[in-house]
1. When both residues are 6+ apart or on different chains and their Cβ atoms are under 8 Å apart, which pairs have a first residue that lies in region 241-253 and is under 27 Å from Leu293 (Cα atoms), and a second that is open to solvent by 10 Å² or more (accessible area, probe 1.4 Å) and within 15 Å of the ligand (Cβ to nearest atom)?
2. Determine which member of the set Ser156, Ser86 is surrounded by 24 or more Cβ atoms within 10 Å (Cβ to Cβ) and out of contact with any strand residue (DSSP E or B) (no Cβ under 8 Å at 6 or more places or on another chain).
3. I'd like the full set of residues that are within 16 Å of the ligand (Cβ to nearest atom) and aromatic (Phe, Trp, Tyr), limited to region 45-104.
4. Output the residues belonging to region 245-277 that are more than 16 Å from the ligand (Cβ to nearest atom), among the aliphatic types (A, V, I, L, M) and open to solvent by less than 20 Å² (accessible area, probe 1.4 Å).
5. Which one is nearest to the ligand (Cβ to nearest atom), of the residues in region 164-196 that are open to solvent by 10 Å² or more (accessible area, probe 1.4 Å) and farther than 18 Å from Ala229 by Cα?
6. If we scan region 144-153, do we find a residue that is open to solvent by 30 Å² or more (accessible area, probe 1.4 Å), small (Gly, Ala, Ser) and assigned to a helix (DSSP H, G or I)?
7. Between a first residue in region 264-280 that is on the phi > 0 side of the Ramachandran plot and free of Cβ contacts under 8 Å to residues at least 12 places away in the same chain and a second residue that is part of a loop (DSSP other than H, G, I, E, B) and open to solvent by 30 Å² or more (accessible area, probe 1.4 Å), which pairs have beta carbons less than 8 Å apart while being 6 or more apart in sequence or on different chains?
8. In the list Ala205, Ala211, which residue meets the criterion of being of a type in the set (A, V, I, L, M, F, W, C), more than 19 Å from the chain's Cα centre (by Cα), surrounded by fewer than 24 Cβ atoms within 10 Å (Cβ to Cβ) and part of a loop (DSSP other than H, G, I, E, B)?
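The values are calculated or read from the model by the stated rules, or taken from the named source; none is laboratory data. Just so it is clear, the structure is predicted and the values come from calculations on it, not from any experiment. Cβ atoms come from the backbone with ideal geometry, glycine included; neighbour counts cover every protein chain shown. To get the accessible areas, we keep the full protein, side chains included, count just its heavy atoms, and leave off ligands, DNA and RNA. Shrake-Rupley method; radii C 1.70, N 1.55, O 1.52, S 1.80 Å.
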Amino acid sequence: MRSPQGKFLSHLAIALVTALPVTAGLATTAPAHADTTVNKVVVIGLDGVMYKKIQEAKAPNLLKLAAEGTLGRTSIAPHITISGPSWSTVLTGVWDTKHGIKDNNVTTAPFAKYPTVFTRLEKAKPALRTESIATWPTIGIIAGAGDPHADVNVRSPQQPNDPTEAKIDAVTADSSAATIAKAGPDFLFTHLDQVDAAGHNHGGASAAYLAAVRSVDTQVGKIVAAVDARAKAQPKERWHILVTADHGHRPLGGHGGQSADETANFLIARGPAFKAGATNSSNSLVDITPTALDLLGVPLSPEFDGKSVAKTGSVS
Ligand SMILES: [Zn+2]
């Protein structure tokens, strides 16, 4: 669920797009071989989405992505089914029992002990370009926590006359597609919120919720199209897409409890390091940070509760 911080933070987005250490870490390393491939990771976070509703809505882009990759479906119980705890788990690889975030009042303090994926990547490989582009402003707190943190940290600006959040999500998706095309970030996290808004306003069993799933699917399609176009134009880049949600919704709306709908989670993993057309009942949001580190050649921490779901192992 959204917090009221968006308005005053939105103007910061531009200021936070700082100069990037594109060449800083390369001076002492051997020049890359001309034929070396490089992995890229895009994580799409869909707030409040249940996979069974992706199926019911026949959302074409998400269903295609799942068919082309590995689809995990599992319950995240007893983890707290609230956005703050769950996106913190996505971005740290540890459950709420470790990072200690219990609600949406997210501060930077827990990430000193359990660093974000951005901090871990930037510390190990400062030359990597890491980005966060989000509709929910609290994501910007997580992406900006620690030192170093995400190179680019964008909170999408609030849009006028946008009760469904479809417009702000379109801005987030357009920004994500643009940076994939132009900058080719090594790691991008993007967050879309409109399905959670529909869940709160109309319930998880409503027609409006299904319509929001279809609408967010269109935005996912834009991001996937940008990835596929970039991969075609840059054949040495191996692009991977991970899609997950933070929690589901009760039939009449709302979350935070332990019902099957609220704890239902999915993880779509599509790209050359993932088995195509596979399903399993264990992969979930907690696996995203370990998988990203594995794909980008950074050793996994023994603290992680999740595992890499990549089949290729570490790349160096
Ligand atoms: Zn919510």
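1. Correct list of pairs: Asp246/Ile82; His247/Ile82; His247/His255; His247/Gly256; Gly248/His255; Gly248/Asp261; Gly248/Ala264.
2. Checking each option against the conditions leaves just Ser86.
3. Trp87
4. Leu267, Ile268, Ala269, Ala273
5. Checking each candidate, the answer is Glu165.
6. No; the residues of region 144-153 include none that is open to solvent by 30 Å² or more (accessible area, probe 1.4 Å), small (Gly, Ala, Ser) and assigned to a helix (DSSP H, G or I).
7. Close Cβ pairs (under 8 Å, with a partner that is part of a loop (DSSP other than H, G, I, E, B) and open to solvent by 30 Å² or more (accessible area, probe 1.4 Å)) do not exist here.
8. Sole residue among the options that is of a type in the set (A, V, I, L, M, F, W, C), more than 19 Å from the chain's Cα centre (by Cα), surrounded by fewer than 24 Cβ atoms within 10 Å (Cβ to Cβ) and part of a loop (DSSP other than H, G, I, E, B): Ala205.
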